[in-house]
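Read the figures in this text as sums done on the coordinates, not as results from a lab. Treat the numbers as computed from the prediction; the structure is a model and nothing was measured. Please note: Cβ atoms are built from the backbone with ideal geometry, for glycine as well, and neighbour counts cover all protein chains shown.
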Amino acid sequence: MRIRHYIASDAPALAALYARSVRGVGPRDYSPEQVGAWVSLAPTAEQMHRRCVDGRSVVVAVDEEDGPIGFCDIERDGHIGYLYCSPDAVGTGVARALYEAVEEIARQAGLPRIHVEASEAAKRFFAGRGFVVVTRRDLMIGDVPIHNFAMEKRLER
Ligand SMILES: CC(C)(COP(=O)(O)OP(=O)(O)OC[C@H]1O[C@@H](n2cnc3c(N)ncnc32)[C@H](O)[C@@H]1OP(=O)(O)O)[C@@H](O)C(=O)NCCC(=O)NCCS
């Protein structure tokens, strides 16, 4: 496994990975209706590409064939948008390597904090990386209620 920056040809694989990750990992913490609602938010390849080149930094974990197995993005204000791993990669340290790469980007930029809206799985993950919960967020995706957690980590300067 290797971490590298996003390239345009990753877009279809990342869009597919988003949906595969939600379908594979989401059911551990969310109902079938909630997983379906979450999958409905998956971007198309074109939407994924536009997002990845809008000024944010996007790091991609790839296998030996340069195939994406996870990805994470961070915006200029320290907001993490996506962190998604292939179900096979969960619990193997792939997300940790991705997170360490974006934290380094934030530190290099001199940002005071990193923040995220974390799913249940991501909440456990980010808590292990020194994040604290700011608030629980109860949302609706269409007519399906779902929740996540606003979390943040202050970076000492
Ligand atoms: C959120 C998500 C990316 C977190 O992934 P994860 O599997 O917990 O993260 P990792 O693969 O880095 O695994 C971390 C654990 O694996 C363990 N691990 C196993 N082998 C390891 C290795 N070789 N190197 C490092 N860690 C290893 C670590 O001990 C670590 O445990 P810890 O957090 O208690 O320290 C993943 O659950 C996911 O893709 N979820 C679905 C999508 C989602 O919810 N995204 C977030 C939207 S906000």
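Could you sort 50-63, 125-138 so that the peptide with the highest average Cβ count within 10 Å comes first and the rest follow in order?
Going from most to least packed, we get 50-63, 125-138.
If I model a spin label at residue 47 and residue 5 as a point 7 Å from the Cα along the Cα→Cβ vector, what separation in nanometres do I get?
Each label point is offset 7 Å from its Cα along the Cβ direction, giving 2.6 nm.
Fully extended, how many nm does the chain gain between residue 139 and residue 100 (0.36 nm per residue separation, minus their Cα-Cα distance)?
This chain segment gains 11.2 nm when fully extended.
When the expected Rg is taken as 2.2 N^0.38 Å, what fraction or multiple of it is the alpha-carbon Rg of segment 1-84?
Normalised by 2.2 N^0.38 Å, the Cα Rg of segment 1-84 equals 1.09.
Take the alpha-carbon centre of segment 1-56, take the same for segment 104-127, and report the distance between them in whole Å.
After rounding, the separation between the Cα centres reads 18 Å.
Give me the percent relative contact order of segment 1-101, please, defined on Cα pairs under 8 angstrom at least 6 residues apart.
32
Over 10 Å intervals from 0, what percent of Cα-Cα pairs in segment 73-157 sits in each interval?
17, 48, 29, 6, 0
Please report, in debye to the nearest 20, how large the charge dipole of segment 96-157 is about its Cα centre when each Lys and Arg carries +1 at its beta carbon and each Asp and Glu carries -1 there.
Numbers: 11 positive and 9 negative charges, 53 e Å.
For segment 96-157, the charge dipole is close to 260 debye.
Please pull out the direction-averaged projected area of segment 35-124, using the convex hull of its alpha-carbon atoms, in nm² to one decimal place.
Over all viewing directions, segment 35-124 projects a mean Cα-hull area of 6.6 nm².
At a temperature of 25 °C and a viscosity of 0.890 mPa s, determine how fast the chain diffuses translationally according to Stokes-Einstein, using the Kirkwood radius over alpha-carbon pairs as Rh; express D in µm²/s, rounded to the nearest whole number.
It comes out at roughly 155 µm²/s.
Assigning unit charges at the beta carbon (Lys, Arg +1; Asp, Glu -1) and nothing else, what dipole magnitude in debye, to the nearest 20, does the chain show about its Cα centre? Intermediate results must be reported in sequence, preceding the final value.
Working: 20 positive and 22 negative charges, 102 e Å.
Once rounded to the nearest 20, the dipole reads 480 debye.
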